[in-house]
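What follows draws every value from the coordinates through simple rules; no lab data is involved. For clarity, every value in this text was computed on a predicted model and none was experimentally measured. So basically every Cβ, Gly included, is an ideal-geometry build from the backbone, and we count neighbours across all protein chains shown.
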Amino acid sequence: MDARRAVVTGGAGFLGSYLCERLVERGTEVICMDNFLTGSPDNVAHLMGGPAFRLVECDLTGFVHVPGDVDLVLHFASAASPVDYLRHPIETLKVGSLGTLHALGLAREKGARFVLASTSEVYGDPLEHPQKESYWGNVNPVGPRSVYDEAKRFAESLTTAYRNSHGTDTGIVRIFNTYGPRMRPHDGRAIPTFIRQALSGEPITVTGDGTQTRSICYVADTAEGILAMAGSDFEGPVNIGNPAELTMLELAGTVRDLTGSSSPIEFIDRPADDPAVRRPDTSLAASRLGWKAQVDAEEGLRRTIAWFADKLSQTPQAVAGR
């Protein structure tokens with residue numbers, strides 16, 4: 001499906017801005033909705049002024065109206081890092097529930113394809129490794145991370161209900177640890193934290209003993225996987241991620257090497273309910289969408305470090321300080 005007109009909620013966020021960009025490049029008119037809780041107009045400033053892009057400040061938990069036809073709704077509005085969703089727990093739960101309800105309602109009204117940004121966090125601290133889409137997860141419903149985990153699990157359930165009850169054309173993507181340029185230096189996730197610390201000569205802080213694993217996927221790859229899902233009729237859920245797995249200690253060491261930093265590595269307390277392992281089984285994405293990640297971790301980190309270094313040279317306080 002080549003969408004003529006798309007709505008991207010959370011479109012001024014890190015990942016959402018790449019989706020807006022790719023859609024505009026493909027000739028799609030884009031309506032970007034964001035309340036700027038964690039997103040920023042700066043992420044889409046290069047798209048503003050063009051005839052195919054419009055930025056609308058909007059709280060998705062309130063009334064949502066878009067005049068005219070819409071072919072595609074990409075629902076990416078949510079805080080995504082622990083620092084953000086622990087600071088904004090109610091807002092995170094509301095956008096996952098009421099926000100999803102309103103975005104689904106818009107898609108139903110317009111007869112549009114709807115794609116939900118879900119997350120690998122629906123698997124919790126997994127007892128199955130690697131994680132297949134058939135795995136139901138191991139989530140603490142009252143733990144500190146539950147405001148994000150359960151919001152996304154509810155959003156998946158609501159999306160499925162709209163498909164089954166209303167016939168809405170829906171798809172669910174479960175996104176694994178995306179990184180790249182436009183991440184905020186202080187968003188609390190490992191990669192921007194490690195890069196900021198390494199570039200600033202601060203100690204690189206690794207939680208726990210550093211043996212916990214993640215599978216990191218470069219943002220351009222993630223965006224292409226999501227758009228492949230948007231262009232299909234597959235309902236999912238489908239994992240979008242890079243199955244190459246590495247420990248947090250390995251990641252910290254790689255960042256230090258690539259930056260040429262002499263920052264020491266220090267160990268700090270590990271957060272509650274922090275998953276011990278994370279690696280997607282992406283065979284379903286390969287078979288149903290013809291998609292797999294292309295950018296390896298070292299190349300993706302080089303690109304990301306170069307972007308952070310450029311930002312640091314322009315405005316040191318943006319990276320070195322809050």
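Quick rundown of the values:
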{"item": "Under 16 Å from the Cα of LYS292 - lysines, other chains or at least 8 residues apart", "result": "LYS132"}
{"item": "Over the chain: helical MRE at 222 nm, DSSP H runs n ≥ 4 each giving -39500 (n - 2.57), nearest 500", "result": "-11500 deg cm²/dmol"}
{"item": "DSSP-defined antiparallel bridges as percent of all bridges, segment 148-290, nearest 5", "result": "25"}
{"item": "Residues whose placed amide H lies under 5 Å from that of PHE114, excluding near-sequence neighbours", "result": "VAL73, ASP169, THR170, GLY171"}
{"item": "Other-chain or far-sequence residues with amide H under 5 Å of ARG184's (modelled H)", "result": "none"}
{"item": "Rounded to the nearest 20 debye, dipole of segment 48-100 from Cβ charges on Lys, Arg, Asp, Glu", "result": "120"}
{"item": "Segments 149-156, 295-302, 235-242 sorted - mean Cβ within 10 Å per residue, highest first", "result": "235-242, 149-156, 295-302"}
{"item": "Segment 1-133 shape via C-alpha gyration tensor axes, a/c threshold 1.5", "result": "prolate"}
{"item": "Size of electric dipole in the chain: Cβ of Lys, Arg +1 and of Asp, Glu -1, about Cα centre, debye, nearest 20", "result": "340"}
{"item": "Segments 60-67, 29-36 sorted - mean Cβ within 10 Å per residue, highest first", "result": "29-36, 60-67"}
{"item": "Relative contact order %, the chain, counting alpha carbon pairs below 8 Å whose residues are six or more apart", "result": "17"}
{"item": "Packing-based order for 244-251, 222-229, using average beta carbon neighbours within 10 Å, highest first", "result": "222-229, 244-251"}
{"item": "Interchain or long-range residues, amide H under 5 Å from THR207's placed H", "result": "ILE268"}
